[in-house]
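The values are calculated or read from the model by the stated rules, or taken from the named source; none is laboratory data. Bear in mind that the values here come from a model prediction, so they are computed numbers and not experimental data. Please note: Cβ atoms are built from the backbone with ideal geometry, for glycine as well, and neighbour counts cover all protein chains shown. When the accessible area is computed, the model is the full protein with side chains, heavy atoms only, and any ligands, DNA or RNA have been set aside. Shrake-Rupley method; radii C 1.70, N 1.55, O 1.52, S 1.80 Å.
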Amino acid sequence: FPTDIYNKERTIKEILLLEPYVEICDTKEKVSQWVDIRKMIHTMSYDSSSGRNLKGIVKDRVTGKILGLIGLSSDVTSLGVRDSWIGWSKEDKFVRGKLNNTAIASSIVSVQPLGYNMLGGKLIALMCTTEPIRSEWKSRYDNTLVGITTTSLYGIHSQYNGLPNFKTLGESKGMISIKPDDKVYVPLHHWIKELDPIWYEKASNTTGPKQNVLNRLFKECGINPKKYNHGFQRGVYFAPMYENGKEFLCSKIDESELVLKPAYTGDKHILWWKDRAVKRYSKCIVTGK
């Protein structure tokens, strides 16, 4: 929070002095802290998922203050507009395992008033693709992180529009299964785990683990999953971090041939954000909105 948000000159100076960086949550204590903060600063409920998970806290190096949170998970197995844009086939994604080279940003959350008054959400989205995130993904899972998928809750008008690292691809079909309330889901989840532990272990360590479990639960209960999709068409975005990333994901080149885009080096993304953050804040001061 700025020292005095109504002092325009001082607040702009404080924005320009920020030095955002990503602190990787690499201990149980840090992960627990991340979860607590996530629950407190965002209105959307938080459900932990099995499969791959990478959490990071975006902080200011000068003050040590928290600016926001990043959460990456196993990418969704099927997303029409994304798969079409990449040119993906099932063989590329599953047989050749290229889905392991992408992740979904399941949490991109800024603190307030940084989020609303200074486009903080855009900053956190930009930080998702920085070197610490890429290096940690490679270290943990031995896969080069070539691209990041994310979706917006309410169509294609969102904080991801206009970002230099995320490409707007269109909207989803709204076919994600609805998760039952926890008082129903939790005991059913434990039941399916005990019913078929070998299947559960496999389903939990592949992409889309939550959807895998939901689909199996619906099947075991004799429920048609098509009747219980949420129906919300989300905006779909993808951050391609390599010049020839699509060629790699489509198995046309080897990993050794990947070329990182210049936009993902240095602090270009932070300078881009600061310019727009100052303009946004200045507009808020003038209009009072």
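None of Cys128, Cys221 is modelled with pLDDT of 85 or more and touching a Ser or Thr at 6+ places or on another chain (Cβ under 9 Å) except Cys128. Residues that are more than 30 Å from Leu16 (Cα to Cα) and without any contact (Cβ under 8 Å) to a residue 24 or more places away in the chain are absent from region 270-280 altogether.
Residues in region 2-34 that are open to solvent by 30 Å² or more (accessible area, probe 1.4 Å) and farther than 30 Å from Ile285 by Cβ: Glu23, Asp26, Thr27, Lys28, Glu29, Lys30, Val31, Ser32, Gln33.
Which of the following residues is among the basic types (Lys, Arg), closer than 17 Å to Tyr242 by Cα and over 16 Å from the mean Cα position of the chain (by Cα): Lys90, Lys59, Lys138?
Checking each option against the conditions leaves just Lys138.
For region 279-288, filtered to residues that are touching a helix residue (DSSP H, G or I) at 6+ places or on another chain (Cβ under 8 Å) and open to solvent by 30 Å² or more (accessible area, probe 1.4 Å), the residue that is farthest from Glu131 (Cα to Cα) is Ile285.
From the list Leu249, Leu260, the lone residue that is open to solvent by less than 30 Å² (accessible area, probe 1.4 Å), farther than 24 Å from Leu119 by Cα and among the aliphatic types (A, V, I, L, M) is Leu249. Taking region 38-93 as the range and being open to solvent by less than 30 Å² (accessible area, probe 1.4 Å), basic (Lys, Arg) and part of a helix (DSSP H, G or I) as the test, the residues that pass are Arg38, Arg82, Lys93. In the set (1) buried (at least 20 other Cβ atoms within 10 Å of the Cβ); (2) closer than 15 Å to Asp60 by Cα; (3) touching a helix residue (DSSP H, G or I) at 6+ places or on another chain (Cβ under 6 Å), the condition left unmet by Met127 is number (3).
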